[in-house]
Every structure is written in C-alpha cells, then in structure tokens.
Amino acid sequence: MRDLGGRVAVVTGGGSGIGRGICLAAAEQGMHVVVADIEGAAAEETAKLVREHGVRSLGAAADVSDPASVEALADTAYGEFGAVDALFNNAGVLVFGPTAEMPASDLDWMLAVNLYGVLNGIQVFVPRMRAQEPDEDGTRAQIINTSSMSGLVAGRGGGNLGGYVASKFAVVGLTESLRLELAPEGIDVTLFCPGATHTRIGEAQRNRQEAYGPAREIPEPIAAQRAAPRDPSRSPDTRRDPLDVGRAVLAGVGERRAYILTHTETRRVVARRFEHIDEGYDQAEA
C-alpha cells in the first residue's frame with residue numbers, strides 16, 4: 001500500500017459529484033488537494049471542505065477542454081506545491097438523445113470534455129511529472145482517468161447515450177495505451193470506471209461552453225422516462241454516495257491498481273459482454 005499522506009492531488013471536475021468525493025477522500029488520506037472545476041465557486045466550496053481535514057487545498061476555475069486553461073491549472077498546482085503526485089482526470093459531461101439524431105455539436109462537446117479533457121491533462125502534466133524525483137519504489141506520479149461503466153458496456157442506463165458511450169470507450173483505450181507507455185518512466189496510470197452514483201452529470205449542460213452551441217432540452221420521451229416514479233420493488237435505486245465512491249478510488253490508488261471498479265453489481269454485465277466477444281471467435285472457428 002502506497003502511503004498517500006502529505007502528497008498532492010489535482011482533481012478535475014472536483015466541484016461536485018464523484019470529483020468532490022475523490023477530493024474529500026484524498027483529504028481523509030492526508031493529501032493536499034487542488035480542486036479544479038469549470039465552476040470556480042464550486043471548486044472553492046470543495047476546497048473549503050477539504051481544508052477542514054487539516055490539509056492544504058485551493059480551488060481553481062479550469063476548463064479541461066481548453067489546453068491553455070489546463071496549463072494554467074498546472075502552473076497553479078506546481079507553483080503552490082512544487083509537485084503533483086496524483087492527477088485525477090475526472091471532469092465529464094453528458095447529453096441524452098438517440099444517436100441517429102445526435103447533433104454534431106453534442107458529440108463535439110462530449111468528446112472535448114470527456115476525451116480531450118483527459119488528453120489535455122496528460123499532455124500538460126506528464127512532462128512535469130517526468131521531471132519529479134521518483135520514490136524509493138521508482139514511482140514518480142500517478143494518473144487516474146475517469147471513464148464509466150458506459151466505457152465498458154454500451155446500453156447502461158437504458159440507451160440514448162451513444163455519444164457519451166463513444167467518448168468513454170475512447171478513454172478506456174487511451175488509458176490502457178498510456179499505462180504501457182509510461183510504466184517504464186515510473187508514472188502509474190489507472191482506469192476508473194464508476195457505476196451509478198448520485199451526481200449532477202444529468203445537468204451538465206448548465207456549464208456548456210458557447211463554442212459547442214446552446215444547451216438543449218432532454219428529448220421529451222427520455223425526460224418523461226427519467227422523471228417517472230421509481231418502483232423500489234422492481235427497480236431499486238442502486239446509485240452510490242460520491243464520498244463512498246471516492247474512498248474506493250483512493251484505496252485503489254494506494255494499491256496502485258490498473259483498474260478501479262466500484263460497483264460490484266455490474267460484474268456480470270461486463271462478463272457477459274466478453275462472453276459475446278468470445279462467441280464471435282467460436283463462430284469464426286466453426
């Protein structure tokens with residue numbers, strides 16, 4: 001188990017949801033935290049909660065889709081702490097809608113934040129991490145990229161997530177490739193795929209940048225489906241608390257896992273996907 005006490009974390013999307021859960025869990029481990037979010041006030045609110053744990057923290061307004069904004073975030077983090085031990089590329093957005101009718105602007109926005117936001121974090125922070133002195137075990141830093149169960153299995157949440165699924169599948173491939181590339185340099189790379197959690201990602205369009213067009217209403221049939229009362233006997237609410245998820249993530253970071261999966265009830269769904277793939281090989285051999 002790697003001791004995280006006294007180390008420095010940078011968390012994007014840290015103003016709410018899973019990002020805030022990661023920030024608070026990191027503080028519980030004694031880490032200092034730079035909280036980044038496109039909503040600067042929310043980032044500072046999280047930073048205030050982090051400081052209540054007796055560690056240092058600051059909030060920073062940052063748009064992960066903008067490389068210059070991520071560069072400014074790195075300047076802030078390194079200027080304040082001198083090193084970054086764990087980078088959580090966590091910020092994400094979501095637009096509901098059928099894939100066949102999806103406006104290009106919706107896909108552009110999800111890719112800009114969910115995929116290029118991760119890539120921007122990598123390209124800005126990795127050169128600085130390479131310059132850091134390694135620990136006794138040879139580790140210089142850790143990078144944790146947030147994908148989703150929707151990055152492992154399509155169709156989670158009832159469909160109408162094609163663009164989101166595409167962006168999250170891309171993060172899986174990017175992360176697995178990056179792990180191979182950076183392992184010889186002492187930079188660990190972890191893929192984090194959370195399941196259903198109480199967050200505000202369904203309201204992500206509140207922060208949609210002008211470059212990607214105006215915020216759009218959820219299509220009426222989808223909105224009605226999501227607003228329908230839940231029958232606990234048939235469809236229990238399995239969403240988890242963000243802090244519990246954050247604690248699971250930090251446990252995985254301390255153990256330097258390649259994959260962090262927090263929702264055990266999804267194991268069978270993922271296994272079934274790979275069974276389908278294996279069936280394709282059986283058919284090819286027939």
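For Glu210, are the conditions met, namely being charged (D, E, K, R), open to solvent by 60 Å² or more (accessible area, probe 1.4 Å), under 23 Å from Asp135 (Cα atoms) and out of contact with any Ser or Thr (no Cβ under 6 Å at 6 or more places or on another chain)?
Considered against the rule, which asks whether it is charged (D, E, K, R), open to solvent by 60 Å² or more (accessible area, probe 1.4 Å), under 23 Å from Asp135 (Cα atoms) and out of contact with any Ser or Thr (no Cβ under 6 Å at 6 or more places or on another chain), Glu210 comes out as no.
Does Asp135 fit the bill of being surrounded by 17 or more Cβ atoms within 10 Å (Cβ to Cβ), over 16 Å from Cys193 (Cα atoms) and among the charged types (D, E, K, R)?
no
Counting only residues that are within 20 Å of Leu119 (Cα to Cα) and free of Cβ contacts under 8 Å to residues at least 60 places away in the same chain, how many does region 16-67 have?
10
Looking at region 138-150, I want the residues that are free of Cβ contacts under 8 Å to residues at least 12 places away in the same chain and have a partner that is aromatic (Phe, Trp, Tyr) and assigned to a loop (DSSP other than H, G, I, E, B) with Cβ atoms under 6 Å, at least 6 apart or on another chain. Which pairs are those?
Filtered contacts from region 138-150: no entries.
Here's the yes/no breakdown for (1) closer than 23 Å to Ile187 by Cα; (2) within 17 Å of the chain's Cα centre (by Cα); (3) not hydroxyl-bearing (Ser, Thr, Tyr):
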residue: Ala77; (1), (2), (3): yes, no, yes
residue: Phe81; (1), (2), (3): yes, no, yes
residue: Ala86; (1), (2), (3): yes, yes, yes
residue: Asn90; (1), (2), (3): yes, yes, yes
residue: Asp108; (1), (2), (3): no, no, yes
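Residues checked against (1) buried (at least 24 other Cβ atoms within 10 Å of the Cβ); (2) touching a helix residue (DSSP H, G or I) at 6+ places or on another chain (Cβ under 9 Å); (3) not in a helix (DSSP H, G or I):
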site	(1), (2), (3)
Leu49	no, yes, no
Ala60	no, yes, yes
Gly92	yes, yes, yes
Leu107	no, yes, no
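Confirm whether Leu161 is over 16 Å from the mean Cα position of the chain (by Cα) and surrounded by 14 or more Cβ atoms within 10 Å (Cβ to Cβ).
So Leu161 fits the description; yes.
Looking at region 179-201, which of its residues are more than 20 Å from Leu152 (Cβ to Cβ) and either open to solvent by 80 Å² or more (accessible area, probe 1.4 Å) or not acidic (Asp, Glu) (or both)?
Glu181, Leu182, Ala183, Pro184, Gly186, Ile187, His198, Arg200
The values are calculated or read from the model by the stated rules, or taken from the named source; none is laboratory data. Worth saying up front: this structure is predicted, and the values here are computed from it rather than measured. FYI the Cβ positions are ideal-geometry reconstructions off the backbone, even for glycines, and counts take in every protein chain you see. Heads up: the accessible areas ignore ligands, DNA and RNA and are worked out on the full protein's heavy atoms, side chains in. Shrake-Rupley method; radii C 1.70, N 1.55, O 1.52, S 1.80 Å.
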